[in-house]
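What follows is a single structure, and I will ask about it in a moment.
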Amino acid sequence: MNDDLPNSAGKCHPDCVKANNEQEDYDASQSAAFVAVSLISSARVLLKLDSEYTEYSAQYLVDNAGKEEVVRGEMRLPSYAESLESVFRSLTEDVWHKWVYGQGSFCWVTKKKDGQGSRRELTVKDCLEFAFKEGLPTREHWLHFGCMFETPPFQPLVPMKGQVVEAADLGEGLKLCTQQPVGARLHVFSPEFDIVGEEGIYDGPSYVGSRYVGLRDAIIVAFDKREGNNLVTVQILYKKKTSFVKVSGRSMILPLIADDGFQVTEPTCLLVDFCVPRLSIN
């Protein structure tokens, strides 16, 4: 469980390193965006809409999904008047306007204003529905994942057509998985999840002092049967790292008492809230 965060922060400007280091281990909107674009990339290559696996920008979703309105447009260079305005603005707001290139990504280096981008937490469904409505840029045409700076003055978007299909339970979710990877949410307990590794099986709480961390977005990539129970392999972004983990599919009563007092006493599975992007090829 030690792969680097995909398209991680800090590659375009030192301030991104500092900001990323100060950021909490979990950001719900970043996690949802990462899962959403991964599902879309997988679905598009399976349907031969893309000739090869193409990474789309999770940061674009973080920057734009959930806003009331998104300014759309074709890729263009700023006009003379816009460039001049930017210069004057930079003199009064102490910002930079220059490109700083990183490893396959870039940053339009203009510091975000305090409070900019504050909005409700995104879900995978939010991100998918936004992508179907607005389209997505590829990863290299937007800021890197976790970037703390202003968005660039253009956005070449790839049109996305489709709808979000949801499944009521694990059984239905696994049926969808026979066609494509499936988005889900995983009940995470510590220290069990922290120590399971890629060879073990995550089976929920097993210690007297287990702590319920909460629900985390994941992608179901495979499953099989073991001793009569489903064994589900998921990809998950956890503590800024991606990993593949085997999860027990058995139903159980979980001690789900989180910081907000949320509690579940009915039998449930560790994996819940299943959805996929059903893309249109027309």
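Taking the simple approach of a point 7 Å from Cα along Cα-to-Cβ for both R250 and R211, what is their distance in nm?
In this crude spin-label approximation the distance works out to 2.7 nm.
May I pose another question? Please say if the stretch 177-247 is rounded, prolate or oblate, where rounded means a/c under 1.5 for a ≥ b ≥ c the square roots of the C-alpha gyration tensor eigenvalues, and otherwise the choice is prolate for a/b larger than b/c and oblate otherwise? Don't skip to the answer; put the middle values down first.
On the way: a/c = 1.96, a/b = 1.34, b/c = 1.47.
Verdict is oblate for the stretch 177-247.
Ranked highest first by the average count of other Cβ atoms within 10 Å around their residues, in what order do 233-242, 157-166, 57-66 fall? Present the calculation step by step, with values, prior to reporting the outcome.
Values: 233-242: 19.4, 157-166: 15.9, 57-66: 24.3.
In decreasing order of mean packing, 233-242, 157-166, 57-66 become 57-66, 233-242, 157-166.
Taking the Cα-to-Cβ direction at K67 and at A222 and moving 7 Å from each Cα, how far apart do the two end points lie in nm?
4.0
Then there's this: Test of the criteria: in the stretch 179-257, which GluC sites (Glu not before Pro) are in a DSSP loop and have at most 12 other Cβ atoms within 10 angstrom of their Cβ? Intermediate values should be presented prior to the final figure.
Numbers: sites: E192, E198, E199, E227; in loops: E198, E199, E227.
Of the GluC sites (Glu not before Pro), the ones in loops of the stretch 179-257 whose Cβ has at most 12 other Cβ atoms within 10 Å are E198, E199, E227.
Need one number: nm distance between label points at E166 and I201, each 7 Å from Cα along Cα→Cβ, rounded to one decimal.
My value for the distance between the label points is 3.0 nm.
All of the numbers you see were taken from the coordinates with simple rules; none came from a lab. Since we're looking at a predicted model, the values are computed, not measured. Every residue, glycine among them, receives a Cβ derived from its backbone with ideal geometry; neighbour counts consider all protein chains shown.
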